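Step one of this worksheet: look at the structure below.
Here, each number is a calculation from the coordinates, and none is a lab measurement. Just so it is clear, the model here is predicted, and its values are computed rather than measured. Reconstructed Cβ throughout: ideal geometry from the backbone, glycine too, with neighbour counts over all protein chains shown.
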Amino acid sequence: MNRWLSLRSAVVLLLVLGAVACGKKQPPIARPIPPPPPTSTPVTPPPEPPPPTAEPTPAPTPVTVPEDSIASRSLDEINKNSPLKPVFFALDASEIDQVGQQALTTNADLLKRYPSWQISIEGHCDERGTAEYNLALGERRAIAARNYLVSLGISADRVKTVSYGKEFPFDAGHTEDAWSKNRRAHFVVTAK
C-alpha cells in the first residue's frame, strides 16, 4: 500500500508538473507611462517665420513696333492699302456667302488684334436699279457684314454702317465683271 501511495503521489506530481510546464504564459500587461513632471520654465513658441520677400519684377520690355507695321501707319495709309478685306455680294442680295464669311473672319481677327480700331462698313451696289433701291440694298449689305462681325466677338460700338448705293463704284465699267466688283461691303478704319 505504501507503494501504491508513492506511485500515486508520483503520478499526481508528474501531472501537476506537466500542467505547469505546458501552460501558456500570459503576456505582461503594459502600463501607461506617467507624464513627465511639469517644468517651472514656460515653453515659448517658435519664432514666426520672416515675411516673404517680394522678388523684384523686371520692368516690362517695351514693345518696339517696326516702322512698316500696320500700327505705326496713319489712317490714310491704312485705308489706302487696307488690311480689311471687302465682302462681295450676288445681284440683288445681302446674304453673306462662304467666301464673304472667310473675309469677315479674317477681318474680325485683325480687329481683335487692334482693339482700339473703329471702322465704318460702306454698303455699295452696282449701277442697275433706282437710287432709292440701291441705298436700301447697300444698307442691308453693310448691316449684314456688321452683324456677322458682332457674332464673331467684335463689339458693336466699334462698327458703324453707311450705304452709298451706286454712288461710288469701284469699277466704272458697264459689264458684269465691273458690276460684280461694285456689289460689296467696303471697310474703312475711322479711328485707331
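Counting only residues that are under 43 Å from the mean Cα position of the chain (by Cα) and either among the small types (Gly, Ala, Ser) or buried (at least 20 other Cβ atoms within 10 Å of the Cβ) (or both), the range 159-174 holds 5 of them. With respect to Arg141, is the statement that it is of a type in the set (Lys, Arg), exposed (fewer than 15 other Cβ atoms within 10 Å of the Cβ) and either over 18 Å from Thr190 (Cα atoms) or out of contact with any Leu (no Cβ under 9 Å at 6 or more places or on another chain) (or both) true? The answer is no for Arg141. In the range 140-152 there is at least one residue that is in contact with a Ser or Thr (Cβ under 9 Å, 6 or more places away or on another chain), part of a loop (DSSP other than H, G, I, E, B) and within 16 Å of Lys85 (Cα to Cα).
Suppose the filter is small (Gly, Ala, Ser) and within 20 Å of Gln98 (Cβ to Cβ); does Ala142 pass it? Yes; evaluated as a whole, the condition is true for this residue.
Can Leu111 be described as in contact (Cβ under 8 Å) with a residue 40 or more places away in the chain and over 25 Å from Glu77 (Cβ atoms)? It is false that Leu111 is in contact (Cβ under 8 Å) with a residue 40 or more places away in the chain and over 25 Å from Glu77 (Cβ atoms). Residues of the range 103-134 that are part of a loop (DSSP other than H, G, I, E, B), surrounded by fewer than 16 Cβ atoms within 10 Å (Cβ to Cβ) and charged (D, E, K, R): Glu127, Arg128.
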